[in-house]
Amino acid sequence: MYSPTPADWHEANRAHWDERVPLHVASDFYDLDSFRAGKDALRDFERAEVGDVTGRSLLHLQCHIGVDTLSWARHGASRVVGLDFSEPAVEVARDLAAELGFTADRAAFVASDVYDAREAVPDTSYDIVYTGVGALCWLPDIQRWAETVAALLSPGGFLYLAEFHPLTDILDDETGSRVINDYFTRDAWINELSGTYADLEAATANDRSVQWQHPLGEVVSALAAAGLRIEFLHEHDVSLFPRFDSFEVRDGYHRFPADRPRIPLMYSLKASAAGKASTA
């Protein structure tokens, strides 16, 4: 349900995520045993669009338990830093990094709100800021987020964002074919749902969460206003989870049936900072 943003939104969301960390650690969705054995957590289009990260520093905002962050380290990033507001998630990420043999100089994780990232992270700037896959909906102020990203980029560095398409938030959950919500609303969406995307049947207590829709134009305009140059904006007809009941799995992704017209389910963008690219 839509409503004005409640005063306790931050505390409610953090309690929501803190409780779900052990559920995610134990889930088949994250399959940490396979990840420890070498499975890549990144999506194929992300690797292709980001390109070679060898020798580059990378900051992952809203990193959760760090599997995407550490995957970039495995792909050759010289230093990765993950940031998340959930202390239990950061503790898991640190333990995973140590298990995989990464020292703190190579892979570091910090607990902080994303808006405080500039003060919390160990370095003043990064070649790549990476984020997304269900991250932006937890932030009420997308302009402040964009300004934070821009301030954290090295000259010539870039943001890479892979995110669920906001169009999916306005469609019905069953078929994904009817418009039932307001695309342009600025009110908060308050959920009271038990379980988690990694285990829909899990018993949970902290079920209240507060989220916001961010239309595509709002995200792009905020990044441009923060001084970043949009290099590309790509839309994808795949999802990472069964967002609609009518989805089927093909080629490792969740999609609408093949006989249905396609709509964008995810998007990705690259936005670069001015200046000569860093060689750090």
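The values are calculated or read from the model by the stated rules, or taken from the named source; none is laboratory data. Computed from a predicted model, the values in this text were never measured in an experiment. Neighbour counts run over all protein chains shown; Cβ positions are idealised from the backbone, glycine included.
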Among strands (runs of 3 or more DSSP E) entirely within segment 77-176, at least 1 residues that are of a type outside the set (A, V, I, L, M, F, W, C) and over 15 Å from the mean Cα position of the chain (by Cα) occur in 79-84, 126-132, 153-164
Residue 236 fails exactly one of (1) in contact with a strand residue (DSSP E or B) (Cβ under 6 Å, 6 or more places away or on another chain); (2) at positive phi, namely (2)
Failed criterion for residue 72 (all others in (1) more than 28 Å from residue 201 (Cα to Cα); (2) part of a helix (DSSP H, G or I); (3) out of contact with any strand residue (DSSP E or B) (no Cβ under 8 Å at 6 or more places or on another chain) hold)
(3)
Listed by first then second residue, the pairs whose first member lies in segment 27-50 and is surrounded by 12 or more Cβ atoms within 10 Å (Cβ to Cβ), whose partner is modelled with pLDDT under 95, with beta carbons under 6 Å and at least 6 positions apart or on separate chains, are 27/198; 27/199; 29/198
Tell me yes or no: at least one residue of segment 172-185 is buried (at least 17 other Cβ atoms within 10 Å of the Cβ), touching a residue at least 12 places away in the same chain (Cβ under 8 Å) and closer than 24 Å to residue 75 by Cα.
no
Do you know which residues across segment 225-265 are assigned to a strand (DSSP E or B), touching a helix residue (DSSP H, G or I) at 6+ places or on another chain (Cβ under 9 Å) and either among the hydrophobic types (A, V, I, L, M, F, W, C) or more than 30 Å from residue 147 (Cα to Cα) (or both)?
230, 232, 233
Subset tally (residues that are farther than 19 Å from residue 138 by Cβ, among the charged types (D, E, K, R) and outside any loop (DSSP other than H, G, I, E, B)) for segment 177-215:
1
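Residue-by-condition table, conditions (1) over 16 Å from the mean Cα position of the chain (by Cα); (2) surrounded by 14 or more Cβ atoms within 10 Å (Cβ to Cβ); (3) over 26 Å from residue 153 (Cβ atoms); (4) in contact (Cβ under 8 Å) with a residue 40 or more places away in the chain:
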| site | (1), (2), (3), (4) |
| --- | --- |
| 198 | no, yes, yes, yes |
| 206 | yes, yes, yes, yes |
| 212 | no, yes, no, yes |
| 218 | yes, yes, no, yes |
| 222 | yes, yes, no, yes |
| 227 | yes, yes, no, yes |
| 231 | yes, no, no, yes |
